Amino acid sequence: MSETLTGPRNLEVALGERSYPIHIGPGLLGEPGVLAPWLAGRQVMIVTNEVVAPLYLERCRASLPAGVEVRELVLPDGEATKTLASVSRIWDALLEAGFNRRCTLIALGGGVIGDMVGYAAACYQRGVAFIQVPTTLLSQVDSSVGGKTGVNHPLGKNMIGAFWQPRAVLIDTDTLATLPPRELSAGLAEVIKYGLIRDADFLAWLEAEMPALRALEASALTRAIERSCALKAEIVAEDETEQGVRALLNLGHTFGHAIEAHQGYGVWLHGEAVGAGMLMAAELSARLGWLSEAEVARTRAIIGAAGLPLAAPADMSVEDFLVRMRLDKKNVDSRLRLILLRTLGDACLFDETPAELLEALIEAFPRG
Ligand SMILES: NC(=O)c1ccc[n+]([C@@H]2O[C@H](COP(=O)([O-])OP(=O)(O)OC[C@H]3O[C@@H](n4cnc5c(N)ncnc54)[C@H](O)[C@@H]3O)[C@@H](O)[C@H]2O)c1
Ligand SMILES: O=C(O)C(=O)C[C@@H](O)[C@H](O)[C@H](O)COP(=O)(O)O
Ligand SMILES: [Zn+2]
């Protein structure tokens, strides 16, 4: 993993007729006509938010070919806006513009925009094309790839949604220059996740390169994005609708989603909640006798080095966690199914955690 690189990288999510490319590189956004190959027809709607629009909407517009009918919709910002009401605004705008089944939606922004635009595309006239143009690290390494789309419900994260794949993912790494450090750390949580679940060498590389990643060093960031996307593409190609291996991408999320929903969406960033959740999963894995204390210490160290929380919210009781975790989408027949670590780089889905062990772990986990 020592090679330096910053130039364009191309990957594919292999899903037969619905396969699509992931293009990664600096300056991709704004290249005239770069989005042209994936448009379904002449009608295009760029959907973004009020933070991203002043930064990148002009460049996105410039990426379209001449002769297309372009509309723009700028939504409010934030996780709290990831609702059916916001998606309805997209449908309203599409209908008011008279857009038909050959239209294409472009999701320009982070995971909130990407998840909502994907869901709007999945439902509009029973399904239209969309392109992901992710502008946060988290969306570039995770949410733009794989076709999980949807919105939150007050009772649970991403409870309403659909699997709907984009036509392409265009990752302009230059957009990370404007990302606030807290959002960069949130994205690093999902990057660390790939190392923990599937790639011990990548994890070791991340440990060494964390300062470079946090300093936005281009070569390290490109490498991290490419490896993350490659691992996700491989898993999604194997199990598009999460019947098996894809569930491993949920490491830390059963705890993390509980934190996000309990605190109120947007109080903890998704990546922050996943960071703390991955540490909880690692500590539970140790209580089951799988991970050593040294491996838990490594997990804690890399999550901390990424600038992520190492404690759960101060006001969250064991019952607060359990109430939310019982609604988790992975559960079957009221059995909690958790993603745990056999060792670093090897995750599994486990549905036999004794209730007392889980409760003791949550009780003992630090609060901040
Ligand atoms: N579909 C999936 O597979 C998947 C995977 C992981 C996460 N998610 C979802 O993604 C969401 C989190 O995504 P996120 O972390 O990108 O959050 P986000 O979309 O809220 O973006 C984070 C913040 O950064 C701003 N922003 C975006 N790009 C910017 C840029 N280049 N410069 C400056 N500011 C910028 C946004 O406006 C926002 O304020 C959650 O809802 C999570 O559930 C989905
Ligand atoms: O793509 C997946 O599969 C994931 O689980 C990726 C997660 O990082 C992401 O947060 C996803 O939205 C969680 O999905 P959910 O089904 O647990 O809501
Ligand atoms: Zn996630």
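The values are calculated or read from the model by the stated rules, or taken from the named source; none is laboratory data. Computed from a predicted structure; not experimentally measured. So basically every Cβ, Gly included, is an ideal-geometry build from the backbone, and we count neighbours across all protein chains shown.
Remarks
- Failed criterion for residue 96 (all others in (1) touching a residue at least 24 places away in the same chain (Cβ under 8 Å); (2) surrounded by fewer than 24 Cβ atoms within 10 Å (Cβ to Cβ) hold): (1)
- Of the residues 241, 299, 222, the single one that is touching a Ser or Thr at 6+ places or on another chain (Cβ under 6 Å) and more than 16 Å from ligand 3 (Cβ to nearest atom) is 222.
- Considering 339, 302, the condition of being within 16 Å of ligand 1 (Cβ to nearest atom) and of a type in the set (A, V, I, L, M) is satisfied by 339 alone.
- Residues (of a type in the set (S, T, N, Q) and either outside the structural domain of residue 30 (by TED's automatic domain parsing) or in a strand (DSSP E or B) (or both)) located in segment 109-167: 132, 149, 152, 158
- All of 50, 69 fail the test of being more than 12 Å from residue 106 (Cα to Cα) and in contact with an Asp or Glu (Cβ under 6 Å, 6 or more places away or on another chain), apart from 50.
- Qualifying strands (runs of 3 or more DSSP E) (wholly inside segment 1-108; at least 2 residues being over 15 Å from residue 171 (Cα atoms), more than 19 Å from the chain's Cα centre (by Cα) and not aromatic (Phe, Trp, Tyr)): 43-49, 69-75
- Flag for residue 359 being over 25 Å from the mean Cα position of the chain (by Cα), of a type outside the set (Ser, Thr, Tyr), assigned to a helix (DSSP H, G or I) and within 21 Å of residue 157 (Cβ to Cβ): no
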